[in-house]
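Asks: Input: one structure, supplied below.
The values are calculated or read from the model by the stated rules, or taken from the named source; none is laboratory data. All values derive from a computational prediction rather than experimental measurement. Note that each Cβ is placed from the backbone with ideal geometry, even for glycine, and that neighbours are counted across all protein chains shown. In case anyone asks, the SASA skips ligands and DNA or RNA and just uses the protein heavy atoms, side chains included. Shrake-Rupley method; radii C 1.70, N 1.55, O 1.52, S 1.80 Å.
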Amino acid sequence: MLCWPAAVCLVYSAEWLNRLGSTHWRSFATQNYFDERGVFISVLFSAPLLVIAFGLLINALRTTARLLIDVKKLQFQKEKKARDRRDKALAEATAAAAAKGESTAAERKKER
């Protein structure tokens, strides 16, 4: 859950990290890889983090879409069951009325 914001924050801090590396490169390297434009830090640090953040975003969107589809399927099934119950009750009421010899509204219209 926190991977995406963490990756984005680290990419955002790359400029500061490049400046820090440029200032202290002698303590951990033999050459200064940290140029003004930040190509080294971008290629080796920011680019992989951006790829990971993009992958996390795509995965979150796919999961959200899948959940939306599942919820809508359940909603349609519930509506269909309710509609079937209503139709069944109406058919039973019509059959009961016909058995008693009462005419339904449709039959009364036909008679006129």
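Asks: Given a 1.4 Å probe, how much area per residue of segment 1-67 is accessible, in Å²? Intermediate results must be reported in sequence, preceding the final value.
Replies: Values: 5390 Å² over 67 residues.
So segment 1-67 comes to 80 Å² accessible per residue, rounded to a whole number.
Asks: At a 1.4 Å probe radius, carbon and sulfur cover how many percent of the accessible area of segment 20-109?
Replies: Looking at segment 20-109 in its full context, I get 63 percent from C and S.
Asks: Want the number for residue 4 to residue 78: 0.36 nm per residue separation, take away the alpha-carbon distance, what's left? It would help to have the intermediate numbers written out before the result.
Replies: On the way: separation 74, 0.36 × 74 = 26.64 nm, distance 3.61 nm.
Net length gain for the segment: 23.0 nm.
Asks: Report residue 52's accessible area, 1.4 Å probe, all protein chains in place, as a number in Å² to the nearest 10.
Replies: 90 Å²
Asks: Next up: Going by alpha carbons, how many degrees (0 to 90, nearest 10) lie between the helix axis of 3-12 and the longest principal axis of the chain?
Replies: So the helix axis and the longest Cα principal axis differ by about 40 degrees.
Asks: Comparing 55, 101, 21, which has the greatest mean-square fluctuation in the GNM of the chain with Cα pairs linked when under 10 Å apart?
Replies: 101
Asks: Take the chain, connect every pair of alpha-carbon atoms lying under 10 Å apart with a spring to form a Gaussian network, then pick out the residue of 65, 95, 53 with the largest mean-square fluctuation.
Replies: Per the Cα network of the chain with a 10 Å cutoff, 95 tops the list.
Asks: Name the residue, out of 98, 60, 47, whose mean-square fluctuation peaks in a Gaussian network model built on the chain with Cα pairs under 10 Å.
Replies: Comparing 98, 60, 47 in the GNM, the peak value goes to 98.
Asks: Spin-label point model (7 Å from Cα, Cβ direction): what's the residue 99 to residue 62 distance in nm?
Replies: 5.6 nm
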